[in-house]
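Structure record follows, encoded as structure tokens.
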Amino acid sequence: MNQSPAGAVLCTGRLYCDLVFSGVEALPRPGREVYAEGLSIAAGGGAYITAAWLAALGRPTSLAAERPAGSFGAALAEELAASGIDLSPMSDPAPGTDPQVTVAMVTAGDRAFLTRRAGAAVPAALAGTTLPARWRHLHIGEMATLAEHPNLIRAAKAAGMTVSLDCSWDAAVLARPDLPRLTEGLDILLPNRAEAEALAAHAPLTAHAPCVVIKDGAHGAEAMCDGRTLRCPAQKVEVVDTIGAGDAFNAGFLHAWLDGRDMADCLAAGVRVASLAVGRVGGAGRMQPLAAQPGARVAAL
């Protein structure tokens, strides 16, 4: 992997073992049973999926996460080893920790999740007040991780790093009235449309970060940065699986942003990578290096 002039990225947040049931006609109702056309086991969680797509883009990327406990972690070993991600910041769970598992049910054009969140969101070695100065940028995979470790942004800034944050829907965390204080120092916030609406109920979106990028599925993406609003339409592609599409968008956007490209190009890069993600099953397993492709068209408002 070639070292990028813009430097390496550290992604942190919970790592899950995803049990992905695909080809589900409808979600099950109490007392009823539904059947899936396919089942796959894959590594999941926003931090990992963004890291895997960044690595596929050629960006030197490390993952700071705790492995799922027991056989669930063992089931991910081959995928993680083949991901191209630097796994040295990862740690093993404490004895007796429940496994972190997500059951994902993929229906036509959408998905639903059932998750057991357990263990630590961030390895103990990186949960202090300072971070090693070996990375250029910190990406936090979910708002809940920042809520559990509110020092992460300050620690990254002390190490000279820029910081981005995905929300990853958590109703309890998104309902907190102190989120602008929690996100103080953040450079880029990357919510989806529903998360953006929940955040805006407390304060203007730009109170959370100077640059807010909203992922809006089939409607594309929108950025509010430096007093400007930019929109980028989605590409027309066949949708196979939407799991991890937002995290893949993060990777494309951040890869371009760290290379110093303008906001229109960053949005287009995010949309391009998200379009690749929805054309495959699973978040980021069996990734191949990505060749440069034309970006999507961006309209400035």
### Task
Be a star and scan the range 172-200 for residues whose amide nitrogen sits under 19 Å from the point 7 Å along the Cα-to-Cβ vector of Leu27.
172-175, 192-198
### Message
What distance in nm separates the two pseudo spin-label positions at Glu148 and Asp259, each 7 Å out from Cα along the beta-carbon direction?
### Response
3.4
### Query
Going by average Cβ neighbours within 10 Å, how do the peptides 39-47, 185-193, 221-229, 137-145 rank, with the highest at the top?
137-145, 39-47, 185-193, 221-229
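If you place +1 on the Cβ of every Lys and Arg, -1 on the Cβ of every Asp and Glu, and leave all else neutral, what size is the dipole of the chain about its Cα centre, to the nearest 20 Debye?
Working: 24 positive and 29 negative charges, 75 e Å.
About 360 debye.
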### Query
Can you give the relative contact order of the range 135-213 as a percent, counting alpha carbon pairs under 8 Å and 6+ residues apart?
30
### Summary
Options [x] 6, 26, 35, 24, 8, 1, 0; [y] 6, 25, 31, 26, 11, 2, 0; [z] 6, 30, 38, 22, 4, 0 are given for P(r) over Cα pairs in 10 Å bins from 0, in percent, and the computed one is [z]
### Query
Once label points are set 7 Å from the Cα along Cα→Cβ at both Arg134 and Leu39, what is their separation, rounded to one decimal in nm?
3.9
## Note on the structure
Cβ-Cβ cut-off under 13 Å around Met161, Lys and Arg +1, Asp and Glu -1: the net charge is +3
### Query
How big is the shadow of the Cα convex hull of the range 145-195, averaged over all directions, in nm²?
3.4
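Every number in this text was worked out from the coordinates using simple rules, so none of it is lab data. Being a predicted model, the structure only gives us computed values, none of them experimental. Please note: Cβ atoms are built from the backbone with ideal geometry, for glycine as well, and neighbour counts cover all protein chains shown.
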